[in-house]
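**Q** A single structure is presented below for examination.
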Amino acid sequence: MLSTSFPRHEGDWAGIFVSELARALARDHEISVLTPSFPGARTRDSIDGVSIRRFTYCVPTTCQRVIYPDGIPDQLKKSMLARCQVPLFLAAFVGRTVFASSSTDVILCNWIVTGVIAYWAGFLRKRPYIVVVRGSDMKTLEKGGAIASLYKKSLRRAAAVCSVADDFVEPLKVMGLSNVHFTPNGVDTDRFAP
């Protein structure tokens, strides 16, 4: 599983829904998450049966700015250092994906940017990938431009595209995608009950 955001510690909100998805899938499958590192992070960890691998894209890690603390869109808006680190981030993510996917059957990509990572890594390591499309992805696709074109290319190559919102399915199909599925984020009924 690829994700640009994943909880850094117990109680962290960053990518919590990705963590919950990984934990649910780990009940029946072997799940490994590849996600960016942060200052003080262990490169390997395991939580509730989910193997977590964190990669560094800038040394020292205290200088990494692309992801944390506010997520990619906000970090790129407010930090020149984050914008300068994007090539390093992408290269490190692709390289680690090639290495980490050597023993995987399929790559689950959270957000289209990780679908692009799997698409690029696919030139060296042929693995099917599934892209989970989220709200921020749709905003990027709607804007058009070079990034949207790259996003569309990675979606066309994906084995499947899962939309977390029913409203996204039709616009994705209009883009020429036939492998789109509505797959909402789940609810842990052990923790939340009516």
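**Q** Would you work out if the range 92-194 is rounded, prolate or oblate? Take a ≥ b ≥ c from the square roots of the eigenvalues of the alpha-carbon gyration tensor; rounded if a/c is under 1.5, else prolate when a/b is larger than b/c, oblate otherwise. Let's see the in-between values first.
**A** On the way: a/c = 1.97, a/b = 1.18, b/c = 1.68.
The shape class here is oblate.
**Q** Also: Which far-off residues, 5 or more places away or on another chain, put their amide H under 5 Å from the one on S163, with H placed in the peptide plane?
**A** V133, H181, F182, T183
**Q** Students often get this wrong: which residues of the range 121-162 have the backbone nitrogen under 13 Å from the point 7 angstrom along Cα-to-C-beta of L25?
**A** Once the point is set 7 Å along Cα→Cβ of L25, 128-133, 159-162 turn out to lie under 13 Å by backbone N, inside the range 121-162.
**Q** Can you give me the Cα centroid spacing of the range 144-194 and the range 63-127 in angstrom?
**A** 18 Å
**Q** Here is a further query. Probe radius 1.4 Å, ligands and nucleic acids ignored: give me the carbon and sulfur share of the accessible area of the range 50-129 as a rounded percent.
**A** On the way: 2480 of 3760 Å².
Whole-percent figure for carbon plus sulfur exposure: 66.
**Q** Projecting each Cα onto the charge dipole of the chain (Lys/Arg +1, Asp/Glu -1 at the beta carbon, about the Cα centre), which of G145, V18, G115 comes out farthest on the positive side?
**A** Sorting the options by dipole projection puts first G145.
**Q** A further question on this structure: List every DSSP H helix in the chain whose Cα atoms extend 27 Å or more along the helix's own long axis and whose mean Kyte-Doolittle hydropathy is at least -1.0. Mind showing how you got there, number by number?
**A** Numbers: long enough: 80-100 (30 Å, 1.37).
Counting only whole DSSP H runs, the qualifying helices are 80-100.
**Q** Between the DSSP loop rule and a limit of at most 11 other Cβ atoms within 10 Å, which trypsin sites (Lys or Arg not before Pro) in the range 39-104 are left? Numbers along the way, then the final one.
**A** Values: sites: R42, R44, R53, R54, R65, K77, K78, R83, R96; in loops: R42, R65.
Listed in order of number, the matching sites are R42.
**Q** Given labels modelled 7 Å from the Cα in the Cβ direction, how far is it in nm from S102 to S136?
**A** It works out to 3.1 nm between the two label points.
**Q** Can I ask one more? Could you grab the relative contact order for the range 61-176? Cα pairs under 8 Å, six or more apart, rounded to a whole percent. Don't skip to the end; give the middle numbers.
**A** Details: 132 pairs, mean separation 22.5, N = 116.
Contact order relative to length: 19 percent.
**Q** Using the heavy atoms of the protein chains alone and a 1.4 angstrom probe, what is the accessible area of the chain per residue in square angstrom? Spell out each step's value before the answer.
**A** Values: 10530 Å² over 194 residues.
Per residue, the chain has 54 Å² of solvent-accessible surface.
**Q** Under a crude label model (7 Å from the Cα following the beta-carbon direction), how far is K143 from T56 in nanometres?
**A** Spacing of the two 7 Å Cα→Cβ label points: 3.1 nm.
**Q** Would you work out the relative contact order for the chain, in percent, from Cα pairs under 8 angstrom that are 6 or more residues apart? Kindly include the intermediate steps, with their values, before the conclusion.
**A** Values: 301 pairs, mean separation 28.3, N = 194.
Taking the mean separation of contacting Cα pairs over the length of the chain, I get 15 percent.
The values are calculated or read from the model by the stated rules, or taken from the named source; none is laboratory data. For clarity, every value in this text was computed on a predicted model and none was experimentally measured. Reconstructed Cβ throughout: ideal geometry from the backbone, glycine too, with neighbour counts over all protein chains shown. Accessible surface areas use protein heavy atoms only, side chains included; no ligands, DNA or RNA. Shrake-Rupley method; radii C 1.70, N 1.55, O 1.52, S 1.80 Å.
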